[in-house]
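The values are calculated or read from the model by the stated rules, or taken from the named source; none is laboratory data. This one's a predicted model, so the numbers in the text were calculated from it and none came from an experiment. All Cβ positions, glycine included, derive from the backbone under ideal geometry; neighbour counts span all protein chains shown. In case anyone asks, the SASA skips ligands and DNA or RNA and just uses the protein heavy atoms, side chains included. Shrake-Rupley method; radii C 1.70, N 1.55, O 1.52, S 1.80 Å.
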Amino acid sequence: HYKIKTWKDKERNLFRTRFDALPTFFCSVYDIAFKPDGSQIIIAAGLRVLVYDAADGAIIHPLKGHKDIVYCVAYAKDGKRFASGSADKSIIIWTSKLEGILKYTHNDSIQCVAYNPVTHQLASCSSGDFGLWSPEQKSVNKHKVSSKITCCGWTNDGQYLALGMMNGVVSIRNKNGEEKVKIERPGGSSSPIWSIAWNPSKDEHNDILAVADWGQKLSFYQLSGKQIGKDRTLTYDPCCISYFSKGEYIVMGGSDKQASLYTKDGVRLGTIGEQNAWVWTCRVKPDSNFVVLGCQDGTIACYQLIFSTVHGLYKDRYAYRDSMTDVIVQHLITEQKVRIKCRELVKKIAIYRNRLAIQLPEKILIYELYSDDSADMHYRIKEKISRKFECNLLVVCSQHIILCQEKRLQCLSFTSVREKEWVMESLIRYIKVIGGPPGREGLLVGLKNGAILKIFVDNPFPITLLKLSTSVRCLDMSASRNKLAVVDEHNTLLVYDINSKELLFQEPNANSVAWNTQCEDMLCFSGNGYLNIKASNFPVHQQKMQGFMVGYNGSKIFCLHAYSMSAVEVPQSAPMYQYLERKMFKEAYQIACLGVTDSDWRDLATEALEGLDFDTAKKAFIRIRDLRYLELINSIEERKKRGENDNELFLADVYAYQGKFHEAAKLYKRTGHESRALSMYTDLRMFDYAKEFVGATDPKSSRILMTKQADWAKSSKEPRAAAEMYLSAGEHLKAIDIIGEHGWADMLIDIARKLDKAEREPLAKCALHFKRLKHHGYASETYSKMGDLKALVHLHVETRHWEEAFSLVEKHPQFKNDVFVPYAQWLAENDRFEEAQKAFHKAGLQNEAVKVLEQLTHNAVVENRFNDAGYYYWMLSMQCLDIAREQKDEMLKKFERFQHLAELYHVYRSIQRYTDEPFSSHMPETLFNICRFLLNNLTKDIPPGISKVNTLYALAKQSRKLGAFKLARYCYEKLQELHIPSRFQECIELGSLTIRSKPFHDSEDLIESMMCYRCSTNNPLLNSLGSVCINCRQPFIYSASSYEVLPLVQFYLEEGIGDEEALSLIDLEVPDRDQKEAQSQHLDESQSLKLNDGFDDADEDPFTAKMSFEQGGSNFVPVKVSRSVLRSMSRRDVLIKRWPRPLKWEYFRSLLPDVSITMCPTCFKMFHSEDYELLVLQHNCCPYCRRPIDEPN
């Protein structure tokens, strides 16, 4: 507990002065203003404005300018200028260099002036009006008022101006002078407002206005005009009111001839200074505790107020005074705080256990805690002693309060009954409650003459403990009441044994001391900015600390710095290690319990264990939850119970646990337990040390060692070493398992390369591990070494190394299916369907190949990719032909159907491009031919995707272009029967109308182009029979690019002539007749023929004779040729479609010598040679079957 000075109205009169304006009478001091930096005081006295130095009260300069008494002065917040107002009705503005720069007047004497803190606008008030002037304005804005203004003040933000008036009204105006709020005091003109002030605090939520009137009341208002709290009654007429800079206190003076200090809520705290006349003005120096007064008799006085700390401490609770009227109780451990509002000046505070005593001017309040909970912070009033006491120190116990007045101690019960009194021989310097049963507590008292006494509350006789030669400054007794620590006035710490009165030790530079409440041997003291901790009689441990130390509880030290108390956490490691060094384990454990780090606990546990203090070691290991050592201690305790007492053996076990194996082995050997050392080394796999320990002498032990080493290798956590040991033991399989598990491919391939190829099992294991580790190359090398081709194929397939797989299949075709099927599936999964189809085909899985193709074809049709659809149908037809060798009839039908569809989609692509895309790449004749070909070949079932509307529409447009008006009109009529898309609607309707203006016949040239080369009949442009002659029913052969009719006639062989024989019969040389040289052309191995030979008449050519037929027959009669006719043909006239089995070859004879025709050797489509060459150059492949030009036939 602390010796604490109260707040004293300490009148340090810095300066006091009087002055007279004239010899005949003295003048009154009406107003005072501080320069904002606090360096100068401006005083209104008589006719002059006086400037004083605030530091020493010396006058700097008297300013002349007014012709009558100066009533008021005010300084601008920026410190650049100040103003004075006088009874001569004028205002003078002065600079900070004390020069007058401006003067303006009112109609009456000036009563008060105030500068706006933000805009530096000046408000000047007279008996009848007030004016607002700012430096940037030329004129002064004046506003009339109904009563004399006595005082004025701006709000902190400079937005509003409050005016106090003689008629008891406070008027609050805005910056333009308009009234916003009017506060009417109940007394009216009988209680004029004499002084007002706004609270300058920035922490308040609202602007607060203090109003003092001559109805002897002090009131507080919000800016809105709402009163805060009730009126405070004064015993005098107030003349001035002024706030401290932070707004925490108010100073007021008036007719009671003194200045008084109040809280910001208006609670009077005491007198600042008494004078001989009314106090007209008082001001607080900015940001300080200096107060300056000005009086009626011309006196100026300056006071400095000193606010001392009033507080009390008991263990971890600290109570201190705040704002002079409140008490805050702080729990130093939980950091909780509680505020108790007393609404009166707090003079003394005492705290003890669950009691708190607060002395106020007229009474003492005793509080108690609601509950016994150590963290409870709720206090309630227990007793009230309504008496005025004068005392230096106050102490509270469970049932008493102790008052200390110089040499006298009085003990009072809570009901104010004085029970005991002790009178000392010297002044009491220090008093502290040291605990005890309720009603019988002990007090420790230190006197100025050096005596230290122990007083019990229930015992009238003090007990003298010690007598020092110097005065006592601070005292504390240890927890067990055996030791006493004293700080004397020379700042020396002395520690005594209370029983023997012997001085145990002393330390210099101490200003306060405290024993640890939880540990007998520890104390701490502070001094010279250091905190010192001393355990037993070890050297002091020091650390830096601000302030001074007032309590020591466990590992927390309570430290008071300036006005705040804090708990500093101090680890107790240093004193713990001091005990450990002396092997004092029990004491070290006690210190550790106060608070040390985990590593400190481990050190304590280890040291205690090595010192064989198992009890302490066990407690310490429990703290850090180390089960391993706890098991060891338990086993040692069990062995002790069984009668074992060989400490060296126990220590050997401890060393072994700590990893000090060699020390343990030495101790085991010394105690005759060599086997323990051996098993320790082998368990630890320290086989080299074990061998060293055994030496070469004991072969039996060496053998055991080898066995153990092998076993260990099996269950080892050191797999590389284990694997190497297995290899050296020839256990290849076990070694391979360990190596494979850990993925050491380099070791594994070394083993695989060293193994013989006959050792298939280890090699297969190696290969499996390589596969799992994704080492494809190593796995393939291993399989090759084993000669396991099937496994090798599967490896290539699994790892997607297709090239290696294919090269293997080339050498070993039996694995074809093993490679191509997964390859095809992989291609299909990766959206490479065409390649997948070919792979299925290669693998002989025709059905899968057909399935993939059908799906591709379907997709192509759905997506309007008719070019691809045609190509896929062609491929499908070829697949069906392939399969037709086994399932002849069904597949041949499919072949026919797919060939037909392929051609339809192939030609429809051009029509679709013409109708859907803006530009056409085809000549009108070609499009005309294509549309006719398509319409001639469309049966009732139109294939999906093909639009009859598009075809007829394209044909109508081309017919019109080429002059086939009749055909065009037919197309438009046909279109009327169909559902037409809206985009063509208008075009078709217009076309239908305009075509009627054309002649109703087709161009002759077009009709001639449709001549049958067998019977020379001109065929209609659209033929209901299809692509055959209406007369002889001979099918037309079309060019696959321009779809013109080619001059070819198909002929058939007579019974009994085979394809090979026919080929040999068709003479390769032109028959020896009168004819020109035939020129044969070969283009990319395609069959080409150019016939320049002609016969004079039909009789001369046996083939022409064969072409004749009976007119008018509705059945088609094919041209059949005999051996002699074949002999007469030239090889250059004949084109042969060499279909694979089961199809027959097809033979065509060209009838026009000048027309050069080329046939693709893969799809057997015929082309005009120039068209074919151009298309092949464009696409690099056949435009129909996409066969690359460089592919061998």
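Taken over the range 648-666, the residue count meeting the criterion of being surrounded by 12 or more Cβ atoms within 10 Å (Cβ to Cβ) and closer than 17 Å to THR606 by Cβ is 13.
All conditions in (1) on the phi > 0 side of the Ramachandran plot; (2) in a strand (DSSP E or B) hold for ILE1136, with the sole exception of (1). Among the residues of the range 367-389, count how many are of a type in the set (A, V, I, L, M), over 48 Å from the mean Cα position of the chain (by Cα) and surrounded by 15 or more Cβ atoms within 10 Å (Cβ to Cβ). Here the count works out to 1.
Looking across ILE228, ILE272, ILE241, one residue alone is out of contact with any Lys or Arg (no Cβ under 6 Å at 6 or more places or on another chain) and modelled with pLDDT of 95 or more. It is ILE241.
Applying the condition of being at pLDDT 70 or above and not in a helix (DSSP H, G or I) to the range 844-884 and asking which residue is farthest from GLY945 (Cα to Cα) yields ALA884.
Quick check: is even one residue across the range 1075-1091 open to solvent by 70 Å² or more (accessible area, probe 1.4 Å), among the acidic types (Asp, Glu) and at pLDDT below 50?
Yes, the range 1075-1091 has at least one match.
Here GLU502 meets the list (1) touching a residue at least 12 places away in the same chain (Cβ under 8 Å); (2) open to solvent by 40 Å² or more (accessible area, probe 1.4 Å) almost entirely, failing just condition (1). Selection of the range 628-643 for residues being among the basic types (Lys, Arg), surrounded by fewer than 12 Cβ atoms within 10 Å (Cβ to Cβ) and more than 19 Å from ALA605 (Cα to Cα) yields LYS641, ARG642.
Checking each residue in the range 75-91 for being touching a Ser or Thr at 6+ places or on another chain (Cβ under 8 Å) and open to solvent by less than 10 Å² (accessible area, probe 1.4 Å) picks out PHE82, ALA83, GLY85, SER86, SER90, ILE91.
Limited to the range 981-1014, what total is found for residues that are in contact with a Lys or Arg (Cβ under 7 Å, 6 or more places away or on another chain), open to solvent by 100 Å² or more (accessible area, probe 1.4 Å) and part of a helix (DSSP H, G or I)?
Residues flagged as in contact with a Lys or Arg (Cβ under 7 Å, 6 or more places away or on another chain), open to solvent by 100 Å² or more (accessible area, probe 1.4 Å) and part of a helix (DSSP H, G or I) within the range 981-1014 amount to 0.
Among the residues making up the range 329-347, those that are open to solvent by 20 Å² or more (accessible area, probe 1.4 Å) and part of a strand (DSSP E or B) are LYS337, VAL338, ARG339, LYS341.
Scanning the range 467-487 for residues that are within 18 Å of LEU427 (Cβ to Cβ) and either in a loop (DSSP other than H, G, I, E, B) or open to solvent by 20 Å² or more (accessible area, probe 1.4 Å) (or both) yields LYS467, LEU468, SER469, THR470, SER471, ARG473.
Let's see how each residue does on (1) at pLDDT below 95; (2) open to solvent by 50 Å² or more (accessible area, probe 1.4 Å); (3) not basic (Lys, Arg):
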position	(1), (2), (3)
SER127	yes, no, yes
PRO135	yes, yes, yes
LYS138	yes, yes, no
SER147	yes, no, yes
CYS151	no, no, yes
ASN156	yes, yes, yes
GLY164	no, no, yes
ILE172	no, no, yes
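For the structure I just gave you, tell me whether ILE364 is under 30 Å from ALA259 (Cα atoms), open to solvent by less than 50 Å² (accessible area, probe 1.4 Å) and under 44 Å from the mean Cα position of the chain (by Cα). For ILE364, the condition - under 30 Å from ALA259 (Cα atoms), open to solvent by less than 50 Å² (accessible area, probe 1.4 Å) and under 44 Å from the mean Cα position of the chain (by Cα) - is not met. Out of the residues in the range 255-276 meeting the condition of being free of Cβ contacts under 8 Å to residues at least 40 places away in the same chain and over 60 Å from the mean Cα position of the chain (by Cα), tell me which one is surrounded by the fewest Cβ atoms within 10 Å (Cβ to Cβ). Per the stated criteria, the residue is ASN276.
The helices (runs of 4 or more DSSP H) found wholly in the range 508-615 and carrying at least 1 residues that are in contact with a Leu (Cβ under 6 Å, 6 or more places away or on another chain) and surrounded by 19 or more Cβ atoms within 10 Å (Cβ to Cβ) occupy 585-594, 598-610.
The residues of the range 277-298 that are under 17 Å from ILE42 (Cα atoms), open to solvent by less than 30 Å² (accessible area, probe 1.4 Å) and either at pLDDT 90 or above or assigned to a strand (DSSP E or B) (or both), listed by number, are VAL279, THR281, CYS282, VAL284, VAL291, VAL292, LEU293, GLY294, CYS295.
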